[in-house]
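**Student:** Structure incoming, see below.
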Amino acid sequence: MSGVPGGICAIILAAGEGTRLRPLTERVPKALCPVGNVPLLERALDRVAGLGFTGPNRVAVNACYLGEQVVRQVGDRAYLSVEPGSPLGTAGGVANLRDWIDGRGVLVGNADAYLADPQAPPGPDIAALLAGWDGRTVRLLGQPITDPDEPYGFDGHRFAGFSLLPWSCVRDLPVEPAELVRAVWRPAEAAGELTVVPFSGTYLDTGTPADYLAANLHAAGGGNLVDPTAAVSGRCTRAVVGAGAEVHGTVRDCVVWPGAVVAAGERLTGAIRVGHELTVTVGDPLA
């Protein structure tokens, strides 16, 4: 997408602890967990780059939990905001970047958001969120809620990982732990200043092992996605196998992390394998 408004910057939120993904996130921050053999953070950076947001003047990434890993991953590709102590949450993380934002509108994306649209590449797939924006209202990317009992929706939609905030909603946010849903989105909704922009593709927040596994299998397109450096002498059915991994047993509907090993005689179904022995089983993700 060309012609990105100069008055907008992008922030990728990557500071969270990923407590629901433990024990996976005891070793790696949630933002760096691989989906389709690509770290989630890289997917988010690619998406905003597809909209024209690149470089430390236009893109910021916050970090906290296992933050040194995030810092190494990002390098000099984005402005880094490292939060001391505990994560500040989505609103506090944005507030902590107030001086960097410096009067601009902000496209805010969650690093753990998995989005895929067969009709458009990353970036253009969410371009409608920016199109024709007046710089004053709050916009959320959303998907229709099909379960009438699902709480916390916005105009019949669930949040789908990205929001667009005007400077007027950012400038007074306190630098303290808080979430955008309460600090910005609900007040904007109550004032009639929030719009939901529908996303027609697939969205998963990858916050639980089940959703994380489902995102990986979606990225594999119903087949196997095996890194060229992996060694596979066993059998893979609908599996994602990372760089340097070894699969000598049988895996079905599984993710095998980079460097992980599935020994001969092992049979894994609906699971995530990390290292030689850590296995997180979530059952049948296709059920």
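The values are calculated or read from the model by the stated rules, or taken from the named source; none is laboratory data. For clarity, every value in this text was computed on a predicted model and none was experimentally measured. Cβ sites come from the backbone with ideal geometry, for glycine too, and all protein chains shown count toward neighbours. With ligands, DNA and RNA removed, areas are computed over all heavy atoms of the protein, side chains included. Shrake-Rupley method; radii C 1.70, N 1.55, O 1.52, S 1.80 Å.
**Student:** Would a scan of region 180-200 turn up a residue that is out of contact with any Gly (no Cβ under 8 Å at 6 or more places or on another chain), open to solvent by less than 60 Å² (accessible area, probe 1.4 Å), over 12 Å from Arg139 (Cβ atoms) and polar (S, T, N, Q)?
**Tutor:** No, region 180-200 contains no residue that is out of contact with any Gly (no Cβ under 8 Å at 6 or more places or on another chain), open to solvent by less than 60 Å² (accessible area, probe 1.4 Å), over 12 Å from Arg139 (Cβ atoms) and polar (S, T, N, Q).
**Student:** Would you check if there is a residue in region 117-126 being of a type in the set (A, V, I, L, M, F, W, C) and surrounded by fewer than 21 Cβ atoms within 10 Å (Cβ to Cβ)?
**Tutor:** Yes: one or more hits.
**Student:** Among the listed residues Glu17, Glu68, Glu26, identify the single one that is among the acidic types (Asp, Glu), open to solvent by 10 Å² or more (accessible area, probe 1.4 Å) and in contact (Cβ under 8 Å) with a residue 24 or more places away in the chain.
**Tutor:** Of Glu17, Glu68, Glu26, the one residue that is among the acidic types (Asp, Glu), open to solvent by 10 Å² or more (accessible area, probe 1.4 Å) and in contact (Cβ under 8 Å) with a residue 24 or more places away in the chain is Glu17.
**Student:** Follow-up. Test Val35 against the criterion of being in contact (Cβ under 8 Å) with a residue 24 or more places away in the chain, β-branched (Val, Ile, Thr), within 22 Å of Val241 (Cα to Cα) and open to solvent by less than 20 Å² (accessible area, probe 1.4 Å), and give yes or no.
**Tutor:** Yes, satisfied.
**Student:** Does Ala91 satisfy the condition of being in a helix (DSSP H, G or I) and open to solvent by 10 Å² or more (accessible area, probe 1.4 Å)?
**Tutor:** Answer is no for this residue.
**Student:** Separate question: Return the residues of region 226-244 that are surrounded by fewer than 18 Cβ atoms within 10 Å (Cβ to Cβ) and either on the phi > 0 side of the Ramachandran plot or of a type in the set (Val, Ile, Thr) (or both); say none if nothing qualifies.
**Tutor:** Residues satisfying the conditions are Thr229, Thr237, Gly244.
**Student:** Let me ask another. Given the condition among the hydrophobic types (A, V, I, L, M, F, W, C), in contact with a helix residue (DSSP H, G or I) (Cβ under 7 Å, 6 or more places away or on another chain), assigned to a loop (DSSP other than H, G, I, E, B) and modelled with pLDDT of 95 or more, answer yes or no: does some residue in region 114-123 qualify?
**Tutor:** So far as region 114-123 goes, no, none of its residues is among the hydrophobic types (A, V, I, L, M, F, W, C), in contact with a helix residue (DSSP H, G or I) (Cβ under 7 Å, 6 or more places away or on another chain), assigned to a loop (DSSP other than H, G, I, E, B) and modelled with pLDDT of 95 or more.
**Student:** Kindly check whether there is at least one residue in region 233-251 that is under 29 Å from Tyr203 (Cβ atoms) and acidic (Asp, Glu).
**Tutor:** Within region 233-251 (the criterion being under 29 Å from Tyr203 (Cβ atoms) and acidic (Asp, Glu)), the answer is no, since none of the residues qualifies.
**Student:** Let me ask something else. If a residue has to be more than 21 Å from the chain's Cα centre (by Cα) and part of a strand (DSSP E or B) to count, how many in region 154-186 make the cut?
**Tutor:** Final tally of qualifying residues: 0.
**Student:** Right, something else. Within region 249-256, is even one residue free of Cβ contacts under 8 Å to residues at least 40 places away in the same chain, surrounded by fewer than 17 Cβ atoms within 10 Å (Cβ to Cβ), of a type in the set (Gly, Ala, Ser) and touching a strand residue (DSSP E or B) at 6+ places or on another chain (Cβ under 7 Å)?
**Tutor:** No: zero hits.
**Student:** In region 127-149, what count of residues is obtained for those that are open to solvent by 40 Å² or more (accessible area, probe 1.4 Å) and among the polar types (S, T, N, Q)?
**Tutor:** 1
**Student:** Looking at Gly153, is it exposed (fewer than 15 other Cβ atoms within 10 Å of the Cβ) and at pLDDT below 95?
**Tutor:** No; evaluated as a whole, the condition is false for this residue.
**Student:** Tally time: how many residues in region 207-221 are of a type outside the set (A, V, I, L, M), open to solvent by 30 Å² or more (accessible area, probe 1.4 Å) and closer than 15 Å to Asp117 by Cα?
**Tutor:** 2
**Student:** Any idea how many residues of region 224-267 are part of a loop (DSSP other than H, G, I, E, B) and within 17 Å of Pro34 (Cα to Cα)?
**Tutor:** Count: 13.
**Student:** Do you know which of the residues in region 46-63 that are assigned to a helix (DSSP H, G or I) and open to solvent by 20 Å² or more (accessible area, probe 1.4 Å) is nearest to Cys9 (Cα to Cα)?
**Tutor:** Across region 46-63, the extreme among qualifying residues is Ala49.
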